[in-house]
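**Student:** Structure in structure tokens, see below.
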Amino acid sequence: MKIGTRMPPFSHQIGFDAYAAWLADNGFGAVDTPPLTRPLARTCEQLGLALGTSDGGGQVLTRDAAKRRKALSAIKRSLSAIARHGGHTLFTVLAPDDPSMSKAETFEIFAKVYPRVVAHAEKVGVNIAIEPWPGGRPHYPNLGCSPESLRLLFAACPSPRLGICYDPSHFVRLQIDYQRLLHEFGDRVRHVHLKDTEIMPEKLYESGNLGEAYGSTYVCGEGWWRYTIPGEGEVDWNFVVRRLEDVGYDGVLSVELEDHYFWQTPELQQEGLLRAKDHIEPLLKG
């Protein structure tokens, strides 16, 4: 397994090439990319960075049939580009275009459309990794964020090309057993995010699990929880690494930096990324 990152805010300020060079200079082995192009792939190859996930695609989970057709074509183009440029995994969030749409209705659309997406992924030999971010409040509309949802998705699209981006931080905040979920869906892990979640019992008492109503304490959080770098939250990363080894995962572990305390400046973001790497790296040598 190699440690990489998604692109934090400062990477967009300095550009992909400069950010990739910073990663290589600081001992990272991989990077998640924007929509993959030949120049991006060439930069990674020259720097010795493995490709993690690549962004791309379109919004297929919509009631608008014309919009669905256009989005389906966009996703197919993204999958083909990833394959053409040496990538292997498309990163996706199963979010409806209308966040007020019920999950049941969104799933009905998914079941109609996504088999065609997955068929193209099979054709070009690219995986799809579903991010378990539930979406924003008040609707939290996204699919693939719970065992209940994942079972339905994989029943509708049983191909092994469709899998998960295992990010335990989301399961911790949703109060879902991240360890049990890894046991159940370990064979579906196509990518991993190194991100943790801290739970604040006093804040939970103050506002309940619906979160703060009169302000926002953290950049990425709802008062009673906040995302953190690995090692500063609830996740047992030794457990995670060992179970990933057990299921034969040998892909990229990407730091997704959304920690309030390592967010405000480029220097803090760099420190957060390095601390995350330093926490995980020794576990890969055990």
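The values are calculated or read from the model by the stated rules, or taken from the named source; none is laboratory data. On a predicted model such as this, the values are computed, not experimentally measured, just so you know. Glycine also receives a Cβ, built like all others from the backbone with ideal geometry; neighbour counts cover every protein chain displayed.
**Student:** For the range 8-42, give me the residue count where each residue is surrounded by 19 or more Cβ atoms within 10 Å (Cβ to Cβ) and closer than 21 Å to L79 by Cα.
**Tutor:** Final tally of qualifying residues: 7.
**Student:** Okay, moving on. For the range 115-142, enumerate the residues that are under 26 Å from E258 (Cβ atoms), exposed (fewer than 14 other Cβ atoms within 10 Å of the Cβ) and of a type in the set (G, A, S).
**Tutor:** G136
**Student:** Based on what the data block shows, is D278 surrounded by fewer than 16 Cβ atoms within 10 Å (Cβ to Cβ), charged (D, E, K, R) and either modelled with pLDDT under 95 or outside any helix (DSSP H, G or I) (or both)?
**Tutor:** Judged against the criteria, D278 is not a match.
**Student:** Follow-up question, since we're still on this one. Being polar (S, T, N, Q) and within 20 Å of V192 (Cα to Cα) is the filter; apply it to the range 43-63 and report the residue that is surrounded by the most Cβ atoms within 10 Å (Cβ to Cβ). Steps first, answer last, please.
**Tutor:** Step one: of the range 43-63, the residues polar (S, T, N, Q) are 43, 46, 53-54, 59, 62.
Pick out the ones that are also within 20 Å of V192 (Cα to Cα) and you get 53-54.
Working: T53: 30, S54: 25.
So the residue we want is T53.
**Student:** Right, here's the next one. Return yes or no: is F91 farther than 24 Å from E256 by Cβ and hydrophobic (A, V, I, L, M, F, W, C)?
**Tutor:** Values: farther than 24 Å from E256 by Cβ: no; hydrophobic (A, V, I, L, M, F, W, C): yes.
Criteria not met by F91.
**Student:** Identify, from the list G208, G231, the residue that is touching a Phe, Trp or Tyr at 6+ places or on another chain (Cβ under 9 Å), under 18 Å from Y166 (Cβ atoms) and surrounded by fewer than 15 Cβ atoms within 10 Å (Cβ to Cβ). Write out each step before concluding.
**Tutor:** Numbers: G208 fails: under 18 Å from Y166 (Cβ atoms).
The unique qualifying residue is G231.
**Student:** Which residue pairs have Cβ atoms under 8 Å apart, sit 6 or more places apart or on different chains, and have a first residue in the range 158-185 that is free of Cβ contacts under 8 Å to residues at least 60 places away in the same chain and a second that is surrounded by fewer than 21 Cβ atoms within 10 Å (Cβ to Cβ) and among the basic types (K, R)?
**Tutor:** Matching pairs, first to second residue: P160/R188; L162/R188; G163/R188; I164/R188.
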